[in-house]
1. Check 7, 14 and return the single one that is surrounded by 15 or more Cβ atoms within 10 Å (Cβ to Cβ), under 26 Å from residue 188 (Cβ atoms) and hydroxyl-bearing (Ser, Thr, Tyr).
2. Can you pull out the residues in the range 38-65 that are open to solvent by less than 60 Å² (accessible area, probe 1.4 Å) and either among the aliphatic types (A, V, I, L, M) or part of a loop (DSSP other than H, G, I, E, B) (or both)?
3. Using the structure shown, decide if residue 68 is closer than 25 Å to residue 157 by Cβ, outside any loop (DSSP other than H, G, I, E, B) and open to solvent by 50 Å² or more (accessible area, probe 1.4 Å).
4. Considering (1) touching a helix residue (DSSP H, G or I) at 6+ places or on another chain (Cβ under 9 Å); (2) open to solvent by 50 Å² or more (accessible area, probe 1.4 Å); (3) closer than 26 Å to residue 162 by Cβ; (4) part of a loop (DSSP other than H, G, I, E, B), say which one residue 35 fails and leave the rest.
5. Considering only residues of the range 117-166 that are without any contact (Cβ under 8 Å) to a residue 24 or more places away in the chain and in a strand (DSSP E or B), which is farthest from the chain's Cα centre (by Cα)?
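The values are calculated or read from the model by the stated rules, or taken from the named source; none is laboratory data. Note that the structure is predicted; figures quoted are calculated from it, not measured. All Cβ positions, glycine included, derive from the backbone under ideal geometry; neighbour counts span all protein chains shown. Remember, those area values only see protein heavy atoms, side chains included, never the ligands or the DNA or RNA. Shrake-Rupley method; radii C 1.70, N 1.55, O 1.52, S 1.80 Å.
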Amino acid sequence: MEKSKVYELPKLPYGYGDLSPYISEEQLRIHHTKHHQAYINGANALIGKLDKARKEGVDLDMKAVSKEMSFHLAGDALHSAFWLNLAPPGKGGGGKPDGAIGVAIVKEYGSFDRFKKEFSQIAVSVEGSGWAALTYCGATDRISVMQIEKHNVNWPPDFPVLMALDVWEHAYYLDYKNERARFVDAFWSIVDWQVVDKWFKHAREYMQA
């Protein structure tokens, strides 16, 4: 019988110390290998639980299973995006966006500074645990910033994430303690705008086809 595929923790495209001083080596290593890994483990455990229940003809609380699976899979998806839309300072991270995403930001917000201000306000004001995400709407051909609670609340279908910022405390507490605003400010020094631009072009091409 063919072995079922499982979710795996993605490798980072940079070293654990490469985002310093904005994210320390210890902070990044724990975030990636402990917290992100926990969502991978959670999703895989649920797959195993479902497979076993179906094989043995056992009924599960499918509402609870579905809700928990959504939480873990969204956590995996957002973390995977977060790692990729970061880059070491001086090696692609920071600066201002150009290309198609730069044009879209100015068109929607009037200026990059206005966009940065609104995104930062949304990120800092997330209640409890959650994310700030730049998304794209194919129906209106517009970009927008959303607050995603936990990993899977207030994230509507068909709004692909172009840029994600994790503002759970586990993302920054070792480096910034409870000063989320300082972490959000540091984020702008390590954003990889080339990746964001690539995702924007891909989303736009696919959704406008």
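1. After applying the criteria, what remains is 14.
2. 38, 40, 43, 46, 47, 50, 53, 60, 64, 65
3. In short, yes.
4. All conditions are met except number (4).
5. Looking at residues that are without any contact (Cβ under 8 Å) to a residue 24 or more places away in the chain and in a strand (DSSP E or B), I get 137.
A quick yes/no check of all residues on (1) closer than 13 Å to residue 132 by Cα; (2) within 16 Å of the chain's Cα centre (by Cα):
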| residue | (1), (2) |
| --- | --- |
| 173 | no, no |
| 180 | yes, no |
| 191 | no, yes |
| 201 | no, no |
